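Comments concern the structure below.
The values are calculated or read from the model by the stated rules, or taken from the named source; none is laboratory data. What you are looking at is a predicted structure, and each value in this text was computed from that prediction instead of being measured. Glycine gets a Cβ as well: all are built from the backbone with ideal geometry, and neighbour counts include every protein chain shown. The area values use the complete protein model at the heavy-atom level, side chains included, leaving out ligands, DNA and RNA. Shrake-Rupley method; radii C 1.70, N 1.55, O 1.52, S 1.80 Å.
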Amino acid sequence: MIQAVVFDWAGTMVDYGCFAPLNVFMEVFRKREIAITLSEARAPMGLLKRDHISEILKMERVAGLWLERYGQLPQETDVDALYADFEPMMLAVVHEYAEPVPGALALVERLRQNGIRIGSTTGYTAEMMAIVTVEAKKRGYAPDHLVTPNDVPAGRPYPWMIYENAAALNVYPMYNVMKVGDTVSDIREGVNAGTWTIGVVLGSSELGMSEAEVEACEPEVLKARVETVTAKFQEEGAHYVIQTIGELDQLIPVINQKLQRGERP
């Protein structure tokens, strides 16, 4: 039976569209006269932020721009320098992006009423999360446990943060856990941990749209975009994909029935 749900933070439970890190990534590269695109900035979302910068620099187009501008391909020292710019900028703005997404608070209340524990993992550092958790709690969201990449040997896609949640919440085996997130790295984290893994589309970094943009989007255009993100999550091994976070608990009886039949993720 499902005993715990481990949620991602930005783009899943807070910060609809996951805009806080996006804007800072764009700015740190702009300062180096490297014009990355929104899609390039978003692609590694969910990773530890230093790893995220490293992945952007590995992209063929970005590496080519760097070579053209600086006469050599990006080095580890460049990753360090970019991250040194990124961290203080992120710490300065992250408090503005802790608003729970629509449906998140009511979902958590329903889960707790059913005795389900609430864990969380993130691509943010412990220092960033020290700010986010305070601001989110003011707005009504406070999971039972949080694990950051600073607490484990490596962040996503490794499963260590989920394992730490399971230990803290006293849940085992891992098939009694659901992992929910809005990025490819979230899906990989859940699959690697052996949990039931669910992708959420609306509000996600993968969709990359604000609430206003979603509401204003032509239905057929939005439908196509949602289908694209859904397919991406499924290709990465997501067991289920939901449109909104508020739909999540509808899956619990479905998964519990599978568990009773002996099925495993």
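Here the stretch 225-249 and the stretch 91-160 have alpha carbon centers that stand 20 Å from each other.
Using a probe radius of 1.4 angstrom, the carbon and sulfur fraction of the accessible surface of the stretch 164-212 is 46%. Once the Cα atoms are used to define both axes, helix 60-70 deviates from the longest principal axis of the chain by about 30 degrees. Ordering of 108-116, 177-185, 130-138, 213-221 by packing is 177-185, 130-138, 108-116, 213-221, highest average first (other Cβ atoms within 10 Å, averaged per residue).
For the options 68, 235, 189, a Gaussian network treatment of the chain with springs between C-alpha atoms closer than 10 Å singles out 68 as fluctuating the most. Straight-distance candidates among the aspartates and glutamates for linking to residue 31, with alpha-carbon spacing under 12 Å and chain neighbours fewer than 8 residues away dropped: 85.
Expressed in whole Å with the largest first, what are the equivalent ellipsoid semi-axes of the chain derived from the C-alpha gyration tensor as the square root of 5 times each eigenvalue? The partial results should precede the final answer.
Numbers: eigenvalues 190, 78, 65 Å².
Taking √(5λ) for each Cα gyration eigenvalue gives 31, 20, 18 Å.
What accessible area per residue comes out for the chain, rounded to a whole number of Å², with a 1.4 Å probe?
With all protein chains present, the chain gives 44 Å² per residue.
Put a dot 7 Å past the Cα of residue 134, heading toward its Cβ, do the same for residue 81, and the two dots end up 3.3 nm apart. Within the straight-line cut-off of under 29 Å between alpha carbons, the lysines reachable from residue 137 are 49, 179, sequence neighbours fewer than 8 places apart in one chain being disregarded.
With +1 on each Lys and Arg Cβ and -1 on each Asp and Glu Cβ, and nothing else charged, work out how big the dipole of the chain is about its Cα centre, in Debye to the nearest 20.
660 debye
What is the stretch 62-220 by shape, rounded, prolate or oblate, if you read a ≥ b ≥ c off the alpha carbon gyration tensor as root eigenvalues and call it rounded for a/c under 1.5, prolate for a/b larger than b/c, and oblate otherwise? Prolate, because a/c is 1.5 or more and a/b exceeds b/c. Each of the peptides 241-253, 72-84 was scored by the mean count of other Cβ atoms within 10 Å over its residues; in descending order, highest first, they stand as 241-253, 72-84. Within the assembled protein chains, the solvent-accessible surface assigned to residue 51 is about 60 Å², based on a 1.4 Å probe. Label separation (residue 61 vs residue 243): 3.0 nm, computed from points 7 Å beyond Cα along the C-beta direction. Straight-distance candidates among the aspartates and glutamates for linking to residue 223, with alpha-carbon spacing under 19 Å and chain neighbours fewer than 8 residues away dropped: 182, 206, 211, 213, 215, 235, 247.
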